[in-house]
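Visitor: The structure under discussion is supplied below as structure tokens; questions concerning it will follow.
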There are 2 protein chains.
Amino acid sequence: MKILDVNNPGFKKEFEEILARGKMDIENVEGIVKGIINEVKEEGNKALFRHIAKFDRWEPKSDNDLEIGKDEMKKAYENLSDELKKALHLAFDRIKAYHEKQLPKSWLDFEKNGTILGQKVTPVDKAGVYVPGGKAFYPSSLLMNVIPAIVAGVEEIVVTTPVIENKPNELLLGALYICGCPKTYKVGGASAIAAMAYGTETIPKVDVITGPGNIFVATAKKLVYGDVNIDMIAGPSEIGIIADESARPNYLAIDLLSQAEHDEMASSILITDSKEVADMTAIEVEKFLKNLEREEIARKSIEERGAIIVTNDIDEAIELMNKIAPEHLEIMTKNPFELLPKIKHAGAIFLGEYTPEPIGDYIAGPNHTLPTGGTAKFYSPLNVEVFMKKSSIISFSKQAIEEMGKECAVLAHTEGLTAHEKSVLERLK
Amino acid sequence: MKILDVNNPGFKKEFEEILARGKMDIENVEGIVKGIINEVKEEGNKALFRHIAKFDRWEPKSDNDLEIGKDEMKKAYENLSDELKKALHLAFDRIKAYHEKQLPKSWLDFEKNGTILGQKVTPVDKAGVYVPGGKAFYPSSLLMNVIPAIVAGVEEIVVTTPVIENKPNELLLGALYICGCPKTYKVGGASAIAAMAYGTETIPKVDVITGPGNIFVATAKKLVYGDVNIDMIAGPSEIGIIADESARPNYLAIDLLSQAEHDEMASSILITDSKEVADMTAIEVEKFLKNLEREEIARKSIEERGAIIVTNDIDEAIELMNKIAPEHLEIMTKNPFELLPKIKHAGAIFLGEYTPEPIGDYIAGPNHTLPTGGTAKFYSPLNVEVFMKKSSIISFSKQAIEEMGKECAVLAHTEGLTAHEKSVLERLK
């Protein structure tokens with residue numbers, strides 16, 4: 001794993017490469033994805049059948065074939081090991097409890113002249129969750145996307161996922177049961193996003209689409225944005241760690257690798273003011289790598305996109321990390337909480353040596369759907385408010401419009417909007 | 001103005017047309033806008049100079065020419081009439097006070113085993129506000145976009161606006177002074193959005209772009225979405241009114257017209273359970289229309305895109321209005337607050353006869369940048385949180401990871417992510 005020194009003249013260029021990580025080449029696939037979306041818009045289920053035959057290698061015979069039955073989910077749940085059931089229920093309960101704390105409240109505010117102003121919070125009617133399938137299925141992703149929608153109070157939650165050769169993953173089925181058996185349709189990729197954005201004979205049009213996916217899914221989400229809302233456009237996973245001389249190199253190493261094993265495109269960046277910690281961590285990384293099941297992926301990611309940066313002090317480490325704005329940020333210093341005021345941009349912040357990033361992936365409670373590629377500068381983690389929206393509330397009394405109507409009319413007049421002006425003046429007659 | 005009866009067999013089709021209002025044909029201009037964005041990305045200011053010469057009819061000679069000076073703003077402010085100054089300051093103060101009430105707080109939550117979970121709220125570093133110019137300038141739009149960014153605590157706020165023939169609007173300059181003289185650059189349209197999204201030699205790259213604009217601006221915002229965040233993609237303005245027999249037809253009529261005068265594409269829809277109110281309002285609309293400065297625009301909008309719908313009862317009116325999800329919703333019934341629980345989708349809700357919609361455009365305090373075309377089903381009004389984002393906070397104690405680490409490791413193992421599993425197990429050794 002390469003070690004970079006901030007005082008090295010070449011560092012600026014090396015750091016710019018880190019900042020440019022995770023850029024997705026959406027332009028490349030946009031044409032294909034647009035074609036898929038238009039087919040689904042125009043032909044509905046018929047297009048889905050064709051795409052499923054092509055990508056998932058099975059042929060639905062009727063509209064009903066698209067849906068996964070609740071009985072299947074129940075049966076699969078019952079067959080899960082007790083250990084796994086217990087772990088999934090613990091995750092479900094903790095994720096639910098955390099997201100309940102996020103719930104915004106409607107509010108009203110009153111003025112002496114009788115004015116009432118406020119904000120009403122309402123869930124969206126329908127939400128769509130995309131769950132990737134194919135190579136692997138991550139039950140944690142299903143939980144992390146469906147639970148916030150449940151907590152928000154969304155009445156209709158729809159799940160779409162590709163089911164290769166029409167053989168649903170038993171774990172997916174069991175996890176769906178734990179999530180209350182939302183309506184689940186066997187379609188994946190850009191077709192699934194289009195189906196949820198515009199509706200088909202079988203799949204309802206939703207208001208918000210969330211969930212991870214490959215570049216085709218990400219591009220489809222960007223293209224349908226505006227017709228529906230989406231959570232974010234997410235790229236490869238990443239971790240940043242700020243560590244001082246008190247950090248344990250074996251913890252740092254395995255945490256860096258826990259991102260690296262996700263994806264060859266994943267980025268794992270340690271920034272420390274201790275040269276010794278840097279050197280020791282690089283050695284530990286090599287030790288762990290040799291015994292990893294996913295060694296090949298992790299090694300490519302660590303070698304090509306990983307880095308250990310040695311700074312002059314911790315403040316400099318924080319400054320660089322704020323520029324990176326990592327998806328996951330671990331702080332492994334003597335007193336991690338004292339750095340919190342200076343941390344500006346990160347999807348999730350993991351404090352102290354007993355909070356490895358995987359704790360946040362599964363069991364802690366906060367969402368693991370987080371902004372990547374520096375978008376933590378403006379995006380938030382997936383949260384209940386993605387499934388809710390606000391309406392302003394305005395009520396003026398007679399006294400209030402008498403007090404402020406003139407100023408309102410002056411502004412409307414200034415903008416040349418005289419029907420606006422008259423609408424106010426009509427009340428002042 | 002046409003009056004529709006829900007019991008009429010043709011109503012379903014008529015209502016579907018209302019639901020399909022405000023669809024923008026982004027595909028049509030996407031190619032042009034992509035070209036403009038790429039030029040700005042590749043050539044920076046040089047491209048801006050060319051676009052300004054073409055669209056705004058003046059030729060910047062140097063990079064400095066792009067910026068509006070603070071002295072100019074101050075001088076223009078001093079020349080505003082006292083009446084207008086007072087009105088603008090009242091608007092500024094009330095908008096600021098309302099948005100301060102929206103400010104979310106960071107929070108922490110503690111568990112007995114030493115776990116700390118929470119959410120940190122941080123403003124974005126840089127925000128960009130687009131202000132349309134050309135035919136008209138609306139100082140209220142500047143206030144409504146800049147004030148939430150100020151309240152959010154954004155350190156650098158940038159404004160862009162086209163300045164035709166390099167002659168800035170005096171009102172714009174005065175309003176900029178009231179907003180604290182943000183850095184303001186004379187460039188408009190898709191070029192301005194691209195400049196703020198990617199940065200040029202002069203204009204800084206921002207994290208979030210907000211502000212209204214024509215279809216070129218809306219398309220540019222959609223295209224840069226993901227590289228920066230945006231508020232929403234907004235279309236033509238619209239009003240929906242729910243009224244019972246207690247409503248005054250003259251108020252209803254002028255309020256419908258206050259949206260119609262904005263734009264030929266604007267929609268004004270009254271839904272009432274009183275045939276008499278419907279008929280009387282249509283007559284009043286005609287009376288007002290004849291004396292409107294913007295009669296031509298308002299007439300076209302009212303005739304082509306306006307409608308009065310007569311329902312069997314108020315519940316049916318609410319049901320239809322929730323399907324419309326209007327940008328502005330006025331409730332003109334005997335007891336408007338009692339309908340509030342049933343109102344699901346609207347950008348802003350105006351209650352009672354002394355709350356005409358223009359009050360919300362200028363002086364009430366809530367934002368007038370609102371979701372249009374039915375997107376109130378998933379978008380919120382512009383608000384301080386658009387200029388802020390959240391980071392999850394997770395801190396596990398030794399006891400906490402000892403209690404829950406096993407379940408976490410089970411889930412990681414199930415997903416085949418064994419470095420994740422090892423990262424937890426390493427702490428349990």
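The values are calculated or read from the model by the stated rules, or taken from the named source; none is laboratory data. Owing to the predicted nature of the structure, the values given are computational and were not obtained by experimental measurement. No Cβ is skipped: glycine too gets one built from the backbone with ideal geometry, and neighbour counts run over all protein chains shown. Side chains included, ligands, DNA and RNA excluded: accessible areas come from the protein's heavy atoms. Shrake-Rupley method; radii C 1.70, N 1.55, O 1.52, S 1.80 Å.
Visitor: I want to confirm something. Restricting to region A:121-149 and keeping residues that are touching a strand residue (DSSP E or B) at 6+ places or on another chain (Cβ under 6 Å) and assigned to a strand (DSSP E or B), which single residue is nearest to A:Lys186 (Cα to Cα)?
Guide: Only one residue fits best here, namely A:Tyr130.
Visitor: Being open to solvent by 20 Å² or more (accessible area, probe 1.4 Å) and touching a Lys or Arg at 6+ places or on another chain (Cβ under 8 Å) is the filter; apply it to region B:124-146 and report the residue that is farthest from the other protein chains (Cβ to nearest Cβ).
Guide: Selected residue: B:Lys126.
Visitor: Tell me whether region B:296-310 contains one or more residues that are open to solvent by 10 Å² or more (accessible area, probe 1.4 Å), among the aliphatic types (A, V, I, L, M) and touching a helix residue (DSSP H, G or I) at 6+ places or on another chain (Cβ under 6 Å).
Guide: Here is the first cut: in region B:296-310, the ones open to solvent by 10 Å² or more (accessible area, probe 1.4 Å) are B:296-297, B:299-300, B:303-305, B:310.
Pick out the ones that are also among the aliphatic types (A, V, I, L, M) and you get B:297, B:310.
Next cut, touching a helix residue (DSSP H, G or I) at 6+ places or on another chain (Cβ under 6 Å) only: B:310.
Looking through region B:296-310, at least one residue is open to solvent by 10 Å² or more (accessible area, probe 1.4 Å), among the aliphatic types (A, V, I, L, M) and touching a helix residue (DSSP H, G or I) at 6+ places or on another chain (Cβ under 6 Å).
Visitor: Have a look at A:Ile363, A:Ile324 and point out the one that is more than 7 Å from every other protein chain (Cβ to nearest Cβ), open to solvent by less than 10 Å² (accessible area, probe 1.4 Å) and either without any contact (Cβ under 8 Å) to a residue 40 or more places away in the chain or not basic (Lys, Arg) (or both). So that I can check it myself, show each step before the final result.
Guide: Numbers: A:Ile363 fails: more than 7 Å from every other protein chain (Cβ to nearest Cβ).
The match here is A:Ile324.
Visitor: Just to be sure, is B:Ala325 touching a Ser or Thr at 6+ places or on another chain (Cβ under 8 Å), at positive phi and outside the structural domain of B:Gly211 (by TED's automatic domain parsing)?
Guide: Criteria met by B:Ala325.
Visitor: Inside region B:201-215, can you point out the residues that are open to solvent by 10 Å² or more (accessible area, probe 1.4 Å) and modelled with pLDDT of 95 or more?
Guide: Matches in region B:201-215: B:Glu201, B:Thr202, B:Pro204, B:Lys205, B:Asp207.
Visitor: Out of (1) without any contact (Cβ under 8 Å) to a residue 60 or more places away in the chain; (2) farther than 27 Å from A:Leu382 by Cα, the odd one out for B:Lys112 is which?
Guide: Only one criterion in (1) without any contact (Cβ under 8 Å) to a residue 60 or more places away in the chain; (2) farther than 27 Å from A:Leu382 by Cα is unmet by B:Lys112, namely (2).
Visitor: List the helices (runs of 4 or more DSSP H) that sit entirely inside region A:1-104 and contain at least 3 residues that are under 30 Å from A:Ile150 (Cα atoms) and among the acidic types (Asp, Glu). Walk me through how you get there before you give the answer.
Guide: Details: elements: A:11-19, A:26-43, A:45-55, A:70-79, A:82-102.
In region A:1-104, the matching helices (runs of 4 or more DSSP H) lie at A:70-79, A:82-102.
Visitor: Right, next: Residue under question is A:Met232, and the condition is that it be farther than 28 Å from B:Ala412 by Cα, crowded, with 22+ Cβ neighbours inside 10 Å and within 13 Å of chain B (Cβ to nearest Cβ); does it hold?
Guide: Here the answer is no, as A:Met232 does not meet what is asked.
Visitor: Oh, and also: Within 17 Å of the chain's Cα centre (by Cα), farther than 29 Å from A:Ser106 by Cα and assigned by TED's automatic domain parsing to the domain that holds A:Gly240: which single residue out of A:Gly360, A:Gly373 fits that description?
Guide: Result of the check over A:Gly360, A:Gly373: A:Gly360.
Visitor: Identify the residue in region B:400-417 that is acidic (Asp, Glu) and more than 7 Å from every other protein chain (Cβ to nearest Cβ) and, among all such residues, is surrounded by the most Cβ atoms within 10 Å (Cβ to Cβ).
Guide: Step one: of region B:400-417, the residues acidic (Asp, Glu) are B:402-403, B:407, B:415.
Now restrict to residues that are more than 7 Å from every other protein chain (Cβ to nearest Cβ): B:402-403.
Details: B:Glu402: 14, B:Glu403: 16.
Filtering region B:400-417 for residues that are acidic (Asp, Glu) and more than 7 Å from every other protein chain (Cβ to nearest Cβ), the one surrounded by the most Cβ atoms within 10 Å (Cβ to Cβ) comes out as B:Glu403.
Visitor: Related question: Quick test for you: out of B:Glu426, B:Glu421, pick the one residue that is surrounded by 22 or more Cβ atoms within 10 Å (Cβ to Cβ) and part of a helix (DSSP H, G or I).
Guide: Every option except B:Glu421 fails the conditions.
Visitor: Additional query: Would you check which residues across region A:371-386 are aromatic (Phe, Trp, Tyr) and touching a Pro at 6+ places or on another chain (Cβ under 6 Å) and list them?
Guide: A:Tyr379
Visitor: With a cut-off of at least 1 residues that are in the same structural domain as B:Lys300 (by TED's automatic domain parsing), name the helices (runs of 4 or more DSSP H) lying wholly within region B:176-284.
Guide: Values: elements: B:189-198, B:215-224, B:249-260.
Per the criteria, B:249-260.
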